[in-house]
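The values are calculated or read from the model by the stated rules, or taken from the named source; none is laboratory data. Since the structure is predicted, the reported quantities are computational estimates derived from the model, not experimental observations. Note: ideal-geometry Cβ built from the backbone for every residue, glycine included; neighbour counts use all protein chains shown. Ligands, DNA and RNA are stripped out before the accessible areas are found, and what is left, the full protein with its side chains, is counted by its heavy atoms. Shrake-Rupley method; radii C 1.70, N 1.55, O 1.52, S 1.80 Å.
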Amino acid sequence: MSQQNETVRVETTVDSKEGAERLATLVVDGRLAACAQVSGPISSFYRWEGEVQSDDEWIVVIKTAADRLPTLTERIVEAHPYDTPEIVAVPVIGGNPAYLEWVREESREDTAP
């Protein structure tokens, strides 16, 4: 299967609900993803600059075509408030074929005149 026919699920976290919603809207409006869901707050624990930190964050789950991942990642990094944002992509290995095709179609740049 070519990368154009594959789907990925991408996750990132943001420090506010508004920021998460802004990022979700940005990637869907920019046709870098078919859909994005925001949930939270979640409690995140992580090591940063040598110390264990904890913060409330909101998670953004994004579905896109695998071949759009490099551009999506670049756009998230540009728009993200963190210095080193979490961007983790995992392949979707199954699901509703019609839904997965919709994800890939909606992740394409608009070609309408």
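Within the stretch 47-57, one or more residues are in contact with a Gly (Cβ under 7 Å, 6 or more places away or on another chain) and open to solvent by less than 80 Å² (accessible area, probe 1.4 Å).
Taking every residue in the stretch 78-98 that is of a type outside the set (Gly, Ala, Ser) and pairing it with any residue that is assigned to a loop (DSSP other than H, G, I, E, B), at least 6 positions away or on another chain, the pairs with Cβ-Cβ distances below 7 Å are PRO81/ASP15; PRO91/GLU6.
Matching residues to (1) over 23 Å from PRO41 (Cα atoms); (2) of a type outside the set (Gly, Ala, Ser):
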site: ALA66; (1), (2): yes, no
site: ILE76; (1), (2): no, yes
site: GLU86; (1), (2): no, yes
site: PRO91; (1), (2): yes, yes
site: GLY95; (1), (2): yes, no
site: GLU101; (1), (2): yes, yes
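For the stretch 28-38, filtered to residues that are open to solvent by less than 70 Å² (accessible area, probe 1.4 Å) and either part of a strand (DSSP E or B) or not aliphatic (A, V, I, L, M) (or both), the residue that is farthest from GLU6 (Cα to Cα) is VAL38. Right, TRP102: touching a helix residue (DSSP H, G or I) at 6+ places or on another chain (Cβ under 8 Å), surrounded by 14 or more Cβ atoms within 10 Å (Cβ to Cβ) and among the aromatic types (Phe, Trp, Tyr) or not? Here the answer is no, as TRP102 does not meet what is asked.
Taken over the stretch 1-24, residues that are open to solvent by 90 Å² or more (accessible area, probe 1.4 Å) and closer than 27 Å to PRO97 by Cα amount to 4.
Here's the yes/no breakdown for (1) under 17 Å from TYR82 (Cα atoms); (2) touching a residue at least 12 places away in the same chain (Cβ under 8 Å); (3) in a helix (DSSP H, G or I):
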residue: GLU18; (1), (2), (3): yes, no, yes
residue: GLY40; (1), (2), (3): no, yes, no
residue: SER44; (1), (2), (3): yes, yes, no
residue: ARG47; (1), (2), (3): yes, no, no
residue: GLN53; (1), (2), (3): yes, no, no
residue: VAL60; (1), (2), (3): yes, yes, no
residue: ASP67; (1), (2), (3): no, yes, yes
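Across the stretch 72-91, what is the total count of residues that are of a type in the set (Val, Ile, Thr) and buried (at least 16 other Cβ atoms within 10 Å of the Cβ)? Number of matching residues: 3.
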